[in-house]
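Taking it in order: structure first as structure tokens, then the write-up.
The values are calculated or read from the model by the stated rules, or taken from the named source; none is laboratory data. All values reported here derive from a predicted model rather than from experimental measurement. Using ideal geometry, Cβ is built from the backbone for each residue, glycine included, and neighbour counts are taken over all protein chains shown. Surface areas here come from the heavy atoms of the whole protein model, side chains and all, with no ligands, DNA or RNA. Shrake-Rupley method; radii C 1.70, N 1.55, O 1.52, S 1.80 Å.
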Amino acid sequence: QVQLVESGGGLVQPGGSLTLSCAGSGSIFSIYPVAWYRQAPGKQRELVARIFSDGSTYYEDFAKGRFAISRDNAKNTVSLQMNSLKPEDTTVYYCNQFISTVNNYWGQGTQVTVSS
């Protein structure tokens with residue numbers, strides 16, 4: 001069983017930065033990939049970035065060059081550094097760890113609002 005808890009969301013001005021953190025429980029957290037997704041009201045949840053157990057990363061096009069995902073396996077945490085934020089980045093961000101179709105874990109989400 002894995003539990004994921006996000007933190008770090010909030011209100012930021014356009015062009016500003018935020019760092020989201022995902023704290024995972026369980027001994028297997030460091031073994032499997034962890035991803036950040038986001039979901040705006042009325043839209044499908046979309047992938048933002050994913051980090052694998054070896055530290056390799058994947059970013060969706062809108063996140064490339066602005067966002068950076070990292071993990072600290074010793075602390076069971078995954079962070080998402082978000083820079084040059086835009087109003088369209090406003091939404092709820094979720095941490096996810098997919099282990100299998102029956103073991104697909106989500107956090108509760110953290111709200112990010114980019115507004116002047």
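Summary table
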{"item": "Subset of region 8-39 (residues that are open to solvent by 60 Å² or more (accessible area, probe 1.4 Å), in contact (Cβ under 8 Å) with a residue 24 or more places away in the chain and under 15 Å from Lys75 (Cα atoms))", "result": "Tyr32"}
{"item": "Test for Gly42: is it at pLDDT 95 or above, more than 16 Å from Gln3 (Cα to Cα), open to solvent by 40 Å² or more (accessible area, probe 1.4 Å) and not basic (Lys, Arg)", "result": "no"}
{"item": "Residue match in region 60-76 (condition: of a type in the set (Asp, Glu), at pLDDT below 95 and either part of a loop (DSSP other than H, G, I, E, B) or surrounded by 16 or more Cβ atoms within 10 Å (Cβ to Cβ) (or both))", "result": "no"}
{"item": "Close pairs (6 angstrom Cβ cut-off, 6 or more residues apart or separate chains): at positive phi in region 78-89, outside any helix (DSSP H, G or I) and of a type in the set (Lys, Arg) anywhere", "result": "Ser84/Arg66"}
{"item": "Candidate set from region 1-37 (those that are among the hydrophobic types (A, V, I, L, M, F, W, C) and under 21 Å from Asp61 (Cβ atoms)); member that is nearest to the chain's Cα centre (by Cα)", "result": "Trp36"}
